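Undergrad: Would you mind keeping the following structure in view while I ask a few things?
The values are calculated or read from the model by the stated rules, or taken from the named source; none is laboratory data. Just so we're clear, the structure is a prediction, and the values are computed from it rather than from any experiment. Neighbour counts run over all protein chains shown; Cβ positions are idealised from the backbone, glycine included. Calculation scope for accessible area: heavy atoms of the full protein, side chains included, ligands and nucleic acids excluded. Shrake-Rupley method; radii C 1.70, N 1.55, O 1.52, S 1.80 Å.
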Amino acid sequence: MAAPKVAVIGAGVIGLSTALCIVETCPSSSVTILSDQFSPNTMSDVAAGMLIPHTYPDTPIHVQKQWFKETFTYLFAISNSAEASEAGIHLVSGWQVFKSTPKEELPFWSDVVLGFRPMSKPELQKFPRHRFGQAFTTLKCDCPPYLLWLEKRLKATGVQMYNRKVADLWELQREYDIVVNCAGIGAHQLVGDKKLFPVRGQVLQVHAPWVKNFIRDGDGLTYIYPGIHRVTLGGTREKDSWSLSPDPGTTRDIFDRCCSLEASLQEAQDIRVKVGLRPSRHRVRLQREVLSQGGVKLLVVHNYGHGAGGFSVHRGTAKEAARLVGECIAALRGSSSRAKL
Ligand code: FAD
């Protein structure tokens, strides 16, 4: 059988990392990325890219932990390499603070991040409105650098990338053996997934180079995430809102909330506003599917619906998607050798 042709739809963090894992684990395949947007215009470009997992209610915790661990290990190695700055990957220490003690004092990911511990009383004095806190060191992916780094690696391995909007998976059936759907919120239209919904997020990116530690309110709504060049201030979580227009009232509200956690941000300069839609589902759709139409089959692997935590688990889910592509290739080989008999 000739090299199986794989089309990956999507060039956000999920599409690019999935394509890379397919190249790494199925070297006999020929991989092409088709996407209507590339960095810096994907939803992934809006994200702060912090590795603090979001919980998917319908996915077993041990699976989520495995995805997070694989992602953390992968990015930690990059952060320790000469490529760290180009890839936009860096360690960042800080605090998650709560107005009351959370039910779960030890989140499932506490032994994956580095140095997780309860905050001391003197540390908590920095946050007079909060009663409990956790200190730890985690990783952050700066975007667009991380997406551009992934694209560069893919191009170096010969992966082709085309600007193309796919209206129907079947339009790819003649050209490709396997289609991998990493369309993020685009899957709502592409495969009509009604379980997928947008959770709108507005963030500010500011110049405040003196802010070195992350601060996250335990409610997940207000956060300050320092990157290599800019600090991301968040945010909002607006379920079922498809609007990509920044709201000036929300900008003021985010800024005030962040200043109440870190007063020095009053002096922040060059405030830029960004809006993105988190592709949300109760569980990531990480699944093999065989579509059938008039006796013709199309092998599909889905990998979308990462909601608020795509960066935190991208490498883990990409590895699993690549494993599913490997199963599809084995099935194709099986059917082509049977056809020869
Ligand atoms: P996208 O980045 O949306 O990529 C989808 C790709 O598919 C795009 O290239 C698009 O053009 C393409 N596409 C869609 N439909 C089609 C089609 N029909 N044909 C061709 N191409 C198509 N996560 C974290 O882990 N940590 C954070 O700190 C964090 N902060 C966030 C802050 C905000 C404000 C937001 C909005 C999100 C945040 N996230 C965070 C979540 C994270 O951004 C997402 O989970 C992740 O970006 C999803 O990646 P994706 O590749 O699935 O989607």
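Undergrad: Averaged per residue, what accessible surface does the stretch 219-286 expose to a 1.4 Å probe, in Å²?
TA: Working: 3450 Å² over 68 residues.
Heavy-atom accessible area per residue stands at 51 Å².
Undergrad: If you don't mind, another one. Relative to the first principal axis of the alpha-carbon coordinates of the chain, what is the inclination of helix 248-261, with its axis defined by its Cα atoms, in degrees from 0 to 90 and to the nearest 10?
TA: On a 0 to 90 degree scale, this one is about 60.
Undergrad: For the chain, what proportion of DSSP beta bridges, expressed in % and rounded to the nearest 5, is antiparallel?
TA: Approximately 70 percent, going by the DSSP bridge assignments.
Undergrad: Turning to a different aspect of this structure: Report, to the nearest 10°, how far helix 145-156 tilts away from the longest principal axis of the Cα atoms in the chain, using its own Cα long axis and a range of 0 to 90°.
TA: 20 degrees
Undergrad: Another question, then. Return the sequence-ordered ³J(HN,Hα) values of the stretch 269-281 in whole Hz as given by the Karplus equation 6.51 cos²θ - 1.76 cosθ + 1.60 applied to θ = phi - 60°, using x for Gly and Pro.
TA: 3J(HN,Hα) across the stretch 269-281, in whole Hz: 10, 6, 7, 10, 10, 9, 10, x, 10, 6, x, 9, 8.
Undergrad: Can you list the lysines whose alpha carbon is less than 20 Å from that of K297, not counting same-chain residues fewer than 8 positions off?
TA: Here the lysines satisfying the reach criterion relative to K297 are K5, K340.
Undergrad: Too long at a 19 Å Cα-Cα cut-off: which of K212/K274; K65/K319; K69/K140; K65/K194; K99/K121?
TA: Going by Cα-Cα distance, K212/K274; K65/K194 fall outside the 19 Å limit.
Undergrad: Radius of gyration and Dmax for the chain's Cα atoms, expressed in Å?
TA: When restricted to the Cα atoms of the chain, Rg and Dmax are 20.9, 76 Å.
Undergrad: While we're looking at this one, here's another question. Take the alpha-carbon centre of the stretch 11-29, take the same for the stretch 98-128, and report the distance between them in whole Å.
TA: 36 Å
Undergrad: So for W210, W149, what's the accessible-area order with a 1.4 Å probe, most first?
TA: W210, W149
Undergrad: Expressed as an acute angle from 0 to 90° and rounded to the nearest 10, what is the orientation of the C-alpha long axis of helix 310-340 relative to the principal long axis of the chain?
TA: The helix 310-340 is inclined about 10 degrees to the chain.
Undergrad: Name the residue from P144, Q66, G309 whose Cα lies farthest towards the positive end of the charge dipole of the chain, charges +1 on Cβ of Lys and Arg and -1 on Cβ of Asp and Glu.
TA: Checked the options; the winner is Q66.
Undergrad: Also, quick follow-up: In terms of modelled amide H atoms, which long-range or inter-chain residues lie less than 5 Å from the amide H of M161?
TA: For M161, whose amide H was placed from the backbone, the distant partners under 5 Å are I33.
Undergrad: Would you rank R230, R164 by solvent-accessible area, highest first, keeping every protein chain in place and using a 1.4 Å probe?
TA: R164, R230
Undergrad: While we're looking at this one, here's another question. Could you size up the charge dipole of the stretch 5-335 around its Cα centre, putting +1 on the beta carbon of Lys and Arg and -1 on that of Asp and Glu, and report it in debye to the nearest 20?
TA: Details: 39 positive and 31 negative charges, 81 e Å.
Value, rounded to 20: 380 debye.
Undergrad: Taking amide H atoms as placed 1.01 Å from N in the peptide plane, list the residues 5 or more away in sequence, or in a different chain, whose amide H sits under 5 Å from that of F132.
TA: Here the answer is F98, since their amide H atoms fall under 5 Å of that of F132.
Undergrad: A follow-up question, please. Could you report the stretch 170-213's accessible area per residue, 1.4 Å probe, as an integer in Å²?
TA: 43 Å²
Undergrad: Of all the accessible heavy-atom surface of the stretch 5-335, with the other protein chains kept in place and a 1.4 Å probe, what percent is carbon and sulfur? Present the calculation step by step, with values, prior to reporting the outcome.
TA: Values: 7610 of 14660 Å².
Carbon-and-sulfur percentage of accessible area, whole number: 52.
Undergrad: Solvent-accessible area of T101, probe 1.4 Å, all protein chains present, reported in Å² to the nearest ten, please.
TA: Near enough 80 Å² of accessible area.
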